[in-house]
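I have placed the structure first, in the form of structure tokens, so that the comments after it can refer back to it.
The values are calculated or read from the model by the stated rules, or taken from the named source; none is laboratory data. Remember, it's a predicted structure, so these values are computed and weren't measured experimentally. Cβ placement follows ideal geometry from the backbone for every residue including glycine, while neighbour counts extend to all protein chains displayed. SASA here: full protein model, heavy atoms, side chains in, ligands and nucleic acids out. Shrake-Rupley method; radii C 1.70, N 1.55, O 1.52, S 1.80 Å.
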Amino acid sequence: ARWSGYHAHADPEQGLEPALHDDARRLATGFPAPHQIEWAHASLDVLEERGGLAEVQAAAGAGADRLVALLEEREVPVAPRGSSTLVSFELPDPQGFTERAAAESLVIRFIPGAAYVRSSVGAWNSEDELVRLADLAAAAR
């Protein structure tokens, strides 16, 4: 399990003292199956047909930038970030927040062992979803 991902670990919060699952999950490598790679290649073809990757990347970044602005307006601390669709922000109960967000049909993940939740935001999100997520985060503080 030298190259195992966090999903193969019994407790992903203990990265410095990894212990693998006792069942077949310990064998997971994290590499995608061949058909998933083909799907990814096909999706890139579709994106190129619709105006090129540069336009799509700009739209994806704009969604994340919009969420950052909404969170900052509501005084929710946002983690430093580079050019990415990922937006991490700090909340007192990250795991509980992900459960409340799921109840509101918002998919977001918490980062084990940290005070952050992480959202993947882009052109695929509506303005309403971004506002709802920011409002929910503000209410959770």
| Top mean-square fluctuation among A103, A40, A69, Gaussian network model of the chain, C-alpha springs under 10 Å? | A40
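Please report the carbon-and-sulfur percent of the accessible area for the chain; probe 1.4 Å, protein heavy atoms only, DNA, RNA and ligands left out. Could the numbers behind the result be given before it?
Working: 5010 of 9290 Å².
Accessible surface attributable to carbon and sulfur in the chain totals 54 percent.
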| request: Would you mind getting me the FRET efficiency between Q36 and E127? Use the beta-carbon distance for r and R0 = 41 Å, nearest 0.05. | output: 0.85
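Give me the dipole magnitude in Debye, nearest 20, for segment 67-115 about the Cα centre, with unit charges on the beta carbon: positive for Lys and Arg, negative for Asp and Glu. Intermediate values should be presented prior to the final figure.
Values: 4 positive and 7 negative charges, 38 e Å.
Approximately 180 debye in magnitude.
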| Given the rule -39500 (n - 2.57) for each run of at least 4 DSSP H residues, summed and divided by the residues of the chain, what is its mean residue ellipticity at 222 nm, to the nearest 500 deg cm²/dmol? | -14000 deg cm²/dmol
| task | In nm, give the distance between the simple-model label positions of E48 and L20, each being 7 Å from the Cα along the Cα-to-Cβ direction. | result | 3.9 nm
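What do you get for Rg/Rh over the chain if you use C-alpha atoms and the Kirkwood form of Rh?
On the way: Rg = 17.6 Å, Rh = 17.1 Å.
Using only Cα positions, Rg/Rh for the chain is 1.02.
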| message | Per residue, how much accessible surface does the chain expose to a 1.4 Å probe? Answer in Å², no decimals. | response | 66 Å²
| What residues have an amide H closer than 5 Å to that of V121, excluding those fewer than 5 places away on the same chain, when H is modeled at 1.01 Å from N in the peptide plane? | L86, V87
| What size of dipole, in debye to the nearest 20, comes out for the chain about its Cα centre when the only charges are +1 on Lys and Arg C-beta atoms and -1 on Asp and Glu C-beta atoms? | 280 debye
